[in-house]
Each structure stands twice: as C-alpha cells, then as structure tokens.
Amino acid sequence: MLNSLSSYSIAAFLLLGMSLGSCSSDAPSESDASLEDEMEVSETQSSMDDIPEDNGFIIPSAFHLSSLFQKSGLAFSDGLVNSPENVNQYGTRMSKLLNFGVYSADLFYCVLNDQNQSSRKYLKAMKQLSEEAGMGEIFNTKTILENFEANIDNQDSVLKYVLQIQEQTDDYIEKTNEEHTAMVIFTGAWIEGMYVSLESYSTGQNEELGKRIVEQTYMLDNIIKGLELHPGDPEELQNLATELKELHKSVSASEDYPKDQYEFHEHTLRPEEIMSFKNALSSIRTKLTKNQAE
C-alpha cells in the first residue's frame, strides 16, 4: 500500500527532529560539517528515487527540511515538549506509535540544545514504546545505547548513534512489511515538530520561521492519505485524519496560501493566520500526547 515508503518516512521523522535545534550562523563549524555529512548519508540511503511516482506519498527532502528549520533561529524552551513521564498512558498500539514519533522529535530537540538529562529520558521513553508496540528489536543492540550514554556530552556522537537507531527502525519496517507503521510514526513527529515551531513563533513571530511553518503544511495531504489507507482502518487514526483535514482546510483557505505544488516559498501567511493554525494544531497535539478520547 505504501510501497517503498518506510525508509524515507523514518528518515524524515527522525531528521525532522534535527530541524528543531537552534542554529543562527550561516557558516557551519567543524562539528556542524560532520553532522551534515551524517545527514547527507541518511538522505542518500532514503532517496526519493526509491519511491514510485504513482503512490501519492512523496515526502519532501528530510535533509533540506532540517537545514531550513535549523537556520530559522528556533530557540530552546524548557517544558515545551511532551513529558517522558506520559509514556505509560498510551494504551493502544496506534497511540504508542504516534508518540514514538513525538518523542523522536523531542529527543533531537533536546540533544541539539545540549539538554543531556532530558535526552536520556526521551531515549528511554522511545525504547519502552517500541517494545510495547512490538518493535523491541529496534533497541535490541546494547552497544548503541551504551555508546549513547557514554557520549552524551558529545552532540555529534549522540546524533550518529541515534541515526543507527533510525537504520534499525528502517530494517524492521522493511523486514516486517509494515510500511504503514512508518507513516503513523512520521505523523506523530510532524505534529510535534510543527507544535514546537508554532509555539516558538508565537513568542517572537520570526518571519523566517513563519515561512518554514507554511512550507511544512504541504505534508498534510500525504499524511492524511497515509492514515486513511492504514490496514484495518483503526478508528483513532481515522479520527486523527479527520482533524488534520480540518486543519489543512483552514490554513489552505487563506488567500495568501500558495496553491501550487510543494516548494520552498519565500513568503508566509499573516501572523494572525499562523496563530489560528497554531491553536488548531495545539488542540490536536494535546489530544494525541495526553491520549484524550473524543
């Protein structure tokens, strides 16, 4: 159904987390350069050329996406992300997968902002959710987790080990033919990434960040299609798809919203329109992370 989507989607949701770090300098440091090398390798392994043109689930370049967000000046805000203490309240497999994606974005947000203790907690929460969702083998390599802990103060090294976890997630998705799982996880990561970006925008109305936010709304069509075509038609995913449809309808109704195909635009919506989008998405995100029933 989502043929060949798993690898690129997993790369996208993990690298989306990288986009949540603050980066105000145009000239990369030596550390930044080595990190970009790692990201380029991941993107190459997850080439869009591997995705059939007729499946309707094309996801924009994860590396380009992450680079744009990093340069938009998104700053760290304590307490903004989903608390790892919520990990025990996700009762269904779908809620575990969605919040696995949420926590992946939160993990990178913390790693890139040198929040070491929080990074440990998010990795632990992801490991728990993967096991409870039947994907325990993703974290079944002690070496990666031990190296993550041993190098927690080295941002470059930590990101390399998390990319290894990404590769193992890709392998699991491919081996088990659960391409639909990749879209569910990516949905959680996209919602969290947009939530953090919108909350940051609301404090300073950074125009560059506003442009990047508008660009990412183009992902909604593919996300909605992926959720609607999930095998078994789980009710909670259909409810989420319905809410995302309304979200997309509201933002695309603006006369300033670019109506052509996805591309990186150099304009944004009016601040009040972005704030309206923020409020609607925040409601969806709260329901998702707090596991609130309809």
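The values are calculated or read from the model by the stated rules, or taken from the named source; none is laboratory data. All values reported here derive from a predicted model rather than from experimental measurement. Reconstructed Cβ throughout: ideal geometry from the backbone, glycine too, with neighbour counts over all protein chains shown.
In the stretch 245-255, which residues are surrounded by fewer than 14 Cβ atoms within 10 Å (Cβ to Cβ) and in contact (Cβ under 8 Å) with a residue 24 or more places away in the chain?
Of everything in the stretch 245-255, just one residue is surrounded by fewer than 14 Cβ atoms within 10 Å (Cβ to Cβ) and in contact (Cβ under 8 Å) with a residue 24 or more places away in the chain, namely GLU246.
Tally the residues that are more than 14 Å from LEU281 (Cβ to Cβ), of a type in the set (A, V, I, L, M, F, W, C) and either in contact with a Ser or Thr (Cβ under 8 Å, 6 or more places away or on another chain) or modelled with pLDDT of 85 or more (or both), restricting the search to the stretch 225-265.
The total comes to 4.
If you take the residues of the stretch 145-167 that are of a type in the set (Val, Ile, Thr) and at pLDDT 80 or above, which of them is surrounded by the most Cβ atoms within 10 Å (Cβ to Cβ)?
VAL158
Can you tell me which residue within the stretch 232-244, out of those that are free of Cβ contacts under 8 Å to residues at least 40 places away in the same chain and out of contact with any helix residue (DSSP H, G or I) (no Cβ under 6 Å at 6 or more places or on another chain), is surrounded by the fewest Cβ atoms within 10 Å (Cβ to Cβ)?
GLY232
Condition check ((1) surrounded by 23 or more Cβ atoms within 10 Å (Cβ to Cβ); (2) in contact with a Lys or Arg (Cβ under 7 Å, 6 or more places away or on another chain); (3) under 23 Å from LYS287 (Cβ atoms)) across all residues:
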site	(1), (2), (3)
VAL87	no, no, yes
THR92	no, no, yes
LEU98	yes, no, yes
ALA105	yes, no, yes
ASN113	no, no, no
GLN117	no, no, no
TYR122	yes, no, yes
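From LYS175, LYS160, which residue is touching a residue at least 40 places away in the same chain (Cβ under 8 Å), of a type in the set (Lys, Arg) and over 30 Å from SER276 (Cα atoms)?
LYS160 is the lone residue from the list that is touching a residue at least 40 places away in the same chain (Cβ under 8 Å), of a type in the set (Lys, Arg) and over 30 Å from SER276 (Cα atoms).
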